[in-house]
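Submitted below is the structure of interest, expressed as structure tokens.
The values are calculated or read from the model by the stated rules, or taken from the named source; none is laboratory data. Note that the structure is predicted; figures quoted are calculated from it, not measured. Ideal geometry is used to build each Cβ from the backbone, glycine not excepted, and the neighbour counts take in all protein chains shown.
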Amino acid sequence: MSRNREPAEIIRLREAERAFQDAQNSYNQRVKQGEKQLKQAQKAHEKAIESAQGQLEGEKEAFAAPLDSFEGATLYRTRLEYGDQTLKLDPALGCEVEVTGGLYTPPSGEEEAKDTRQVLLHFFSPSGQLDIRAPYEKEKQAHEFANEVTSAARDSIRAKEEYEKNVALLEQGVKETMENTHAIDMAASSLAQDKAATQSVEAAKDYLEKIKSQTPKEMLKTYKRGKAQKKLVAWSVIIILCVIVIALLITWASGGFK
């Protein structure tokens with residue numbers, strides 16, 4: 001029987017079902033889009049927090065990184081370390097570089113010459129003192145390192161104050177970024193409204209139930225059987241196609257195609 005010859009009740013029923021499905025699909029799409037926007041807002045918030053925290057950690061790492069090193073001594077922005085010794089840098093820090101030992105050249109024919117010369121870097125400040133010894137050949141490098149240390153010492157207070165100021169600002173930035181959930185709140189509110197907006201779905205469902213109640217029972221049963229048969233045919237076709245594809249894949253994998 002062609003659709004033009006279908007009873008008016010069946011036509012109305014099919015149209016009511018299509019209207020209900022369209023309303024349901026539209027509702028599901030709105031909710032899905034709202035959930036997507038919420039996830040995007042949450043992800044953007046997480047990235048913003050990571051970025052702010054990364055800047056804070058970067059500032060800390062930069063301040064903690066060594067400025068220079070020499071013969072086992074390491075210079076930092078606020079301290080000088082050598083072995084198990086630590087000397088706090090201070091603008092009043094001073095340094096003396098001197099050569100100790102000597103070069104002994106015995107008379108001809110006697111034992112070999114002895115060179116006991118060393119470079120001594122003597123750092124001193126109100127907080128203590130620290131000595132570093134280096135080979136005589138590195139006297140030039142010793143003077144350069146001494147200059148680096150005294151320069152860092154003169155700048156130590158300003159460097160520390162600037163670091164603490166930057167850290168405070170960056171920590172505040174992390175806090176504000178974590179607390180700034182405006183985009184998330186807006187997306188969540190919009191999603192809640194989308195989920196609550198079920199009027200069109202409910203109206204379409206009520207109309208469908210009304211049409212069903214007005215359709216003769218025998219006609220309704222016949223209509224449902226027809227839908228079930230169509231669904232069964234559709235699934236059968238899908239299963240057959242899957243079997244064919246699998247068989248083709250097996251044949252191809254075993255080298256059957258040439």
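Starting from residues that are among the charged types (D, E, K, R) and free of Cβ contacts under 8 Å to residues at least 12 places away in the same chain, keep the ones in the stretch 76-125 and report whichever is surrounded by the fewest Cβ atoms within 10 Å (Cβ to Cβ). Please lay out each step first, then the result.
We begin by selecting, within the stretch 76-125, every residue among the charged types (D, E, K, R); these are 77, 79, 81, 84, 88, 90, 96, 98, 110-112, 114-115, 117.
Now drop any that are not free of Cβ contacts under 8 Å to residues at least 12 places away in the same chain, which leaves 79, 81, 84, 110-112, 114.
Values: 79: 15, 81: 16, 84: 5, 110: 8, 111: 8, 112: 8, 114: 12.
Only one residue tops the list, namely 84.
Continuing with this model, one more query. Is the stretch 48-63 home to any residue that is closer than 30 Å to residue 184 by Cβ, of a type in the set (D, E, K, R), outside the structural domain of residue 140 (by TED's automatic domain parsing) and buried (at least 16 other Cβ atoms within 10 Å of the Cβ)?
Yes, because at least one residue in the stretch 48-63 is closer than 30 Å to residue 184 by Cβ, of a type in the set (D, E, K, R), outside the structural domain of residue 140 (by TED's automatic domain parsing) and buried (at least 16 other Cβ atoms within 10 Å of the Cβ).
Any residue in the stretch 199-206 that is without any contact (Cβ under 8 Å) to a residue 12 or more places away in the chain, among the acidic types (Asp, Glu) and farther than 30 Å from residue 14 by Cα?
no
May I pose another question? Within the stretch 13-29, can you find the residues that are closer than 16 Å to residue 224 by Cβ, modelled with pLDDT of 85 or more and crowded, with 16+ Cβ neighbours inside 10 Å?
16, 17, 20
To keep it simple, each residue is scored yes or no on (1) under 19 Å from residue 47 (Cβ atoms); (2) at pLDDT 95 or above; (3) not β-branched (Val, Ile, Thr).
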site: 163; (1), (2), (3): no, yes, yes
site: 171; (1), (2), (3): yes, yes, yes
site: 174; (1), (2), (3): yes, yes, no
site: 179; (1), (2), (3): yes, yes, yes
site: 188; (1), (2), (3): yes, yes, yes
site: 209; (1), (2), (3): no, no, yes
site: 222; (1), (2), (3): no, no, no
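Output the residues belonging to the stretch 70-90 that are over 34 Å from the mean Cα position of the chain (by Cα) and of a type in the set (Val, Ile, Thr).
First pass over the stretch 70-90, keeping only residues over 34 Å from the mean Cα position of the chain (by Cα): 70-73, 80-90.
Once the filter is applied, which keeps residues that are over 34 Å from the mean Cα position of the chain (by Cα) and of a type in the set (Val, Ile, Thr), the stretch 70-90 yields only 86.
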